[in-house]
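Peer 1: Take this structure, written in structure tokens, and hold onto it; I'll ask about it next.
The values are calculated or read from the model by the stated rules, or taken from the named source; none is laboratory data. Keep in mind the model is a prediction, meaning the values are calculated, not measured. Glycine also receives a Cβ, built like all others from the backbone with ideal geometry; neighbour counts cover every protein chain displayed. The area values use the complete protein model at the heavy-atom level, side chains included, leaving out ligands, DNA and RNA. Shrake-Rupley method; radii C 1.70, N 1.55, O 1.52, S 1.80 Å.
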Amino acid sequence: MSIIAVVNNKGGVGKTTTSRILAEYYSIVKNERVLALDMDPQANFSNRYLKMEIDPYQQEGRIPPLHSTYDPNSPEDRDWDGRSSIAGIFFGEMVFPYTTYIDTLEIAPSHSSKLLLAEAVIREEVVQKVYDQLSKFLTLDDVKNSYDKIIIDTPPSKGPVTISVVRAATDLLIPSIMEPQPIEGIYGMIHLWKSETLRRPENRPLNLLGVLPNSYDRRGIIHKDHYDSLKNEMPDYVLESKIGRRLIYAEADADGAAPPSIFMYPEKNVARQEVIYACQEIDERMNANV
Ligand SMILES: Nc1ncnc2c1ncn2[C@@H]1O[C@H](COP(=O)(O)OP(=O)(O)O)[C@@H](O)[C@H]1O
Ligand SMILES: [Mg+2]
């Protein structure tokens with residue numbers, strides 16, 4: 001089972017878009033069993049697959065909807081509020097993933113206020129605890145036997161939640177726009193990867209899948225210039241494939257987008273083709289590393 005963490009501490013670079021693409025590629029195209037985890041309090045990833053609700057205690061916050069298996073009249077569910085999020089692992093709660101419109105894709109959604117609380121811990125020992133919880137969850141027999149891939153979307157920070165995700169992951173993917181600010185984020189993430197690699201025993205390496213250029217504008221020269229110099233500097237880390245800047249990716253983010261997944265577009269659609277190419281390159285790198 002591969003645990004793919006999608007990271008970059010800069011916001012708006014395509015973490016959530018890339019997480020969606022990977023989750024939908026493996027579930028729809030490869031027919032693998034995928035579990036999506038949304039570690040970002042903003043809950044964008046969750047929103048794509050579930051009708052997230054407004055947190056009654058915090059207007060900007062989102063909470064998961066009631067779970068389909070929840071029965072308020074059943075004595076078994078007496079101590080449960082009927083909602084389950086991945087943030088629950090940090091508070092000793094059970095995690096019950098939700099089904100989605102894709103048969104082979106399930107999601108353990110975000111919970112804004114709980115994730116913000118987990119992110120607020122600063123002492124290393126607490127970070128370690130946060131990490132242990134996530135690791136424990138991911139190594140449960142139930143989880144290991146139920147899924148082929150776990151795709152984790154992360155918040156735009158290098159805080160405890162991101163670090164815990166990196167510690168639990170088997171593979172790391174760094175989406176970035178080829179512009180100065182987001183590229184700074186790449187250096188930070190490579191640094192995080194290197195220090196994590198040093199911590200790990202040899203039999204549990206953290207594979208760097210690479211840097212995926214997103215929102216790439218093929219007409220201008222700015223993105224090409226930055227791509228070329230980055231590729232020159234770290235040839236092994238920068239992917240060949242690029243995700244172009246296209247309205248279709250932003251549109252796919254809208255509620256009720258039809259079709260709901262880029263992989264449901266006609267085969268000759270150029271966006272679909274470039275995304276498939278990128279996923280194939282990522283998949284090859286994942287398999288080469290194991
Ligand atoms: N390749 C792309 N082309 C056009 N719009 C994109 C592309 N990738 C992402 N976007 C849009 O940019 C915004 C930020 O992307 P997102 O994936 O949410 O970034 P992050 O998760 O890193 O904050 C979203 O509104 C998304 O729809
Ligand atoms: Mg995001």
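Peer 1: What are the residues whose amide H is under 5 Å from the amide H of Tyr98, where those residues sit 5 or more places off or on another chain and H is modelled from the backbone?
Peer 2: Ile107, Ala108
Peer 1: Leaving out ligands, DNA and RNA, what percent of the accessible area of the chain is carbon and sulfur, probe 1.4 Å?
Peer 2: Answer for the chain is 51 percent, counting heavy atoms of protein chains only.
Peer 1: How much of the DSSP bridge set in segment 22-117 is antiparallel, in percent, rounded to the nearest 5?
Peer 2: Of those bridges, close to 55 percent are antiparallel.
Peer 1: Give the ranking of Asp81, Asp40 by solvent-accessible surface, highest area first, calculated with a 1.4 Å probe.
Peer 2: Largest accessible area first, the list is Asp81, Asp40.
Peer 1: Report the accessible area of Phe90, computed with a 1.4 Å probe over the heavy atoms of all protein chains in place, in Å² rounded to the nearest 10.
Peer 2: My reading of the accessible area for Phe90 is about 30 Å².
Peer 1: Working only with C-alpha atoms, what are the Rg and Dmax values of the chain, expressed in angstrom?
Peer 2: Cα only, the chain: 18.6, 63 Å (Rg, Dmax).
Peer 1: Tilt of helix 270-289 relative to the longest C-alpha principal axis of the chain, in degrees (0 to 90, nearest 10)?
Peer 2: Long axis of 270-289 versus the principal axis of the chain: about 80 degrees.
Peer 1: Whole-Hz Karplus ³J(HN,Hα) for segment 98-108, in order, using 6.51 cos²θ - 1.76 cosθ + 1.60 and θ = phi - 60°, x for Gly and Pro?
Peer 2: 9, 7, 10, 5, 9, 3, 9, 10, 10, 9, 9
Peer 1: With label points built 7 Å along Cα→Cβ from the Cα atoms of Ser68 and Gln280, find their separation and express it in nm.
Peer 2: Computed distance between label sites Ser68 and Gln280 equals 3.3 nm.
Peer 1: Would you mind telling me the antiparallel percentage of the DSSP bridges in the chain, rounded to 5? Before the final figure, lay out each step's value.
Peer 2: Numbers: 5 of 31 bridges.
Taking every DSSP beta bridge within the chain, about 15 percent pair in antiparallel fashion.
Peer 1: Spelling out what I want: for every residue of segment 192-207, take phi, set θ = phi - 60°, compute 6.51 cos²θ - 1.76 cosθ + 1.60 (Karplus), and round to whole Hz; glycine and proline get x.
Peer 2: 4, 4, 5, 5, 5, 4, 5, 6, 7, x, 4, 7, 9, x, 10, 7
Peer 1: If I take every Cα pair under 8 Å that is 6 or more residues apart in the chain, average their sequence separation and divide by the length, what percent do I get for the relative contact order?
Peer 2: Reported as a whole number, the value is 24 percent.
Peer 1: Expressed as cubic angstrom per residue, what is the convex hull volume of the alpha carbon set of segment 176-290?
Peer 2: Per-residue hull volume (Cα only) is 134 Å³.
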